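Novice: Dropping a structure here in structure tokens format, bear with me for questions.
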Amino acid sequence: MNTPASQPTDDANAVFDVRPIPSRVKHAQIFQRWLDLLVGHYFVLLNDHDPVPLRYQFEAEFPGAFSWEYLEKGPDEFRVKITKLRAVTAPVAH
């Protein structure tokens, strides 16, 4: 049964500022935000460092299901447009 919390959200054009999120939970929150997107929608990730490890994790867990476009590459802020290209099932653990 779908509850409001499990419904996809329409976060197109939203900026997700992850700088204040603790490192130990940051990737899990980013993945959940992306999983909640409708196909074809995106958010702009705002971080204080280049999120290359996150991209590798996306590639390993969701190959072909996302696009990754840098909008700003440092030195103090990195903005990445992450788009959901197809529906996916969440992995067991991040």
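The values are calculated or read from the model by the stated rules, or taken from the named source; none is laboratory data. Just so we're clear, the structure is a prediction, and the values are computed from it rather than from any experiment. As a convention, Cβ positions derive from the backbone with ideal geometry for all residues, glycine included, and neighbour counts pool all protein chains shown.
Novice: Test residue 88 against the criterion of being β-branched (Val, Ile, Thr) and within 23 Å of residue 24 (Cα to Cα), and give yes or no.
Specialist: no
Novice: Let me ask something else about it. Just to be sure I understand the filter: pairs with C-beta atoms under 6 Å, separated by 6 or more residues or on different chains, first member in segment 6-28 and closer than 18 Å to residue 77 by Cα, second member among the basic types (Lys, Arg) and at pLDDT 95 or above. Which pairs pass?
Specialist: Close Cβ pairs satisfying both conditions: 16/33; 18/26.
Novice: Within segment 66-73, does at least one residue satisfy the condition of being in contact with a Leu (Cβ under 8 Å, 6 or more places away or on another chain) and among the aliphatic types (A, V, I, L, M)? Explain how you work it out, then say what you get.
Specialist: The initial filter retains those residues of segment 66-73 that are in contact with a Leu (Cβ under 8 Å, 6 or more places away or on another chain), namely 66-67.
So of that shortlist, the ones also among the aliphatic types (A, V, I, L, M) come out as none.
No, segment 66-73 has no match at all.
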